[in-house]
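The values are calculated or read from the model by the stated rules, or taken from the named source; none is laboratory data. Predicted model, so just to flag it, every value in this text is computed and none were measured. Virtual Cβ from ideal backbone geometry, glycine too; neighbours counted across all protein chains shown.
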Ligand code: SF4
């Protein structure tokens, strides 16, 4: 049975002394990152879902407009010397966009022109296995395919949910279950999370945010906080699943490799460390995923120099705004139906709290830091 405590103790990270933070795939690759909320239409109606986050009406933009926007994003990113891409689609439920598989297929076809391409989606996993077979087929040319499955206790059948995730792992898709740990249902959610973890599926434990998504709600005990901070480290379970089936990944290999990370003292499956921190002495620290930042209160970057808007954007509905990030108070960079312009360089953060992991993982450094914003980039020292 896999351990559900991280051997690498994230609570030792000296957060107050951190000078730079960023997702390693952004620090060490020419990666441009897009987080795209395709519409709010959803086939579930969970009791805890915020009213602004979902809709009963089909509100998707036409597929042609989505594809034209995708091409424009790549054009502007390439003008800024980024030719690796990570697109992350969410909703509502993104798989309900009528052109979703076509959008993914068009994106994947361009991989031959890129240094690296990956795709992610956040889904309630409601499509059947036949749909997921098509999804696997259209994304097979990408360097990495991942998804976060939001597990809704009220709707999803636990065993069918598990069966679909294992099928995806067997087909070289990285999967994580998103579990919002409500303070008043913490134990029930923890038990459910353990069930999945013991099946060899990553679970992301998320603290609940307030309705404005600016703060974590009150009500977590110290023990609950500890579980959120260091519980259930992310592991490369998909690799493990393929290895056990004596299969090898058939995905193309990118010439851009991330530097090796050797975790200390872990067992069979080392944790996957997605995030790198550098402290004042230049020492590197690591975390499996940026989703944990909120549980450490590491989400205030006002005055830091941030590359969101220069090497990453978010797109959200219902207004089709294209913004630096979800949390940012900056004016939008444009709108999906009117056009947009990326920043020409990183800019200072003017926002009190950066609560979304899509935002906090984008490379940023403290004012006055002597490190470059990412290794090897002397332009933004
Ligand atoms: S709120 Fe926006 S500008 Fe500030 S750190 Fe987060 S992503 Fe960067």
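Observations on the model:
- Where helices (runs of 4 or more DSSP H) fall wholly inside segment 155-267, the ranges with 2 or more residues that are in contact with a helix residue (DSSP H, G or I) (Cβ under 9 Å, 6 or more places away or on another chain) and under 24 Å from residue 11 (Cα atoms) are 186-198, 222-230.
- Residue that is nearest to the ligand (Cβ to nearest atom) [pool: residues in segment 300-318 that are more than 14 Å from residue 365 (Cα to Cα), modelled with pLDDT of 95 or more and assigned to a loop (DSSP other than H, G, I, E, B)]: 309
- Enumeration of residues in segment 352-371 that are farther than 17 Å from residue 206 by Cα and surrounded by fewer than 22 Cβ atoms within 10 Å (Cβ to Cβ): 352, 366, 367, 368, 369, 370, 371
- Some residue of segment 105-116 being farther than 28 Å from residue 28 by Cβ, crowded, with 20+ Cβ neighbours inside 10 Å and in contact with a strand residue (DSSP E or B) (Cβ under 8 Å, 6 or more places away or on another chain): no
- Selection within segment 348-378 - within 9 Å of the ligand (Cβ to nearest atom) and over 22 Å from the mean Cα position of the chain (by Cα): 348, 350
- Among the residues of segment 53-63, those identified as surrounded by 11 or more Cβ atoms within 10 Å (Cβ to Cβ) and either without any contact (Cβ under 8 Å) to a residue 24 or more places away in the chain or within 14 Å of residue 318 (Cα to Cα) (or both) are 53, 54, 55, 58, 59, 60, 61, 62.
- Yes/no for residue 335 being touching a helix residue (DSSP H, G or I) at 6+ places or on another chain (Cβ under 7 Å) and surrounded by fewer than 22 Cβ atoms within 10 Å (Cβ to Cβ): no
Residues are listed down the side, and each one gets a yes or a no for (1) over 21 Å from the mean Cα position of the chain (by Cα); (2) in contact (Cβ under 8 Å) with a residue 40 or more places away in the chain; (3) within 30 Å of residue 134 (Cα to Cα); (4) surrounded by 15 or more Cβ atoms within 10 Å (Cβ to Cβ):
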| site | (1), (2), (3), (4) |
| --- | --- |
| 172 | no, yes, yes, yes |
| 176 | no, yes, yes, yes |
| 187 | yes, no, no, no |
| 192 | yes, yes, yes, yes |
| 196 | no, yes, yes, yes |
| 207 | no, yes, no, yes |
| 217 | yes, no, no, no |
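- Residue in segment 28-45 that is surrounded by fewer than 20 Cβ atoms within 10 Å (Cβ to Cβ) and part of a helix (DSSP H, G or I) present: no
- Within segment 49-92, the set of residues being more than 23 Å from residue 139 (Cβ to Cβ), assigned to a loop (DSSP other than H, G, I, E, B) and within 21 Å of the chain's Cα centre (by Cα) comprises 49, 50, 54.
- The listed residue being at pLDDT 95 or above, closer than 28 Å to residue 229 by Cβ and under 21 Å from the mean Cα position of the chain (by Cα), out of 119, 21, 34: 21
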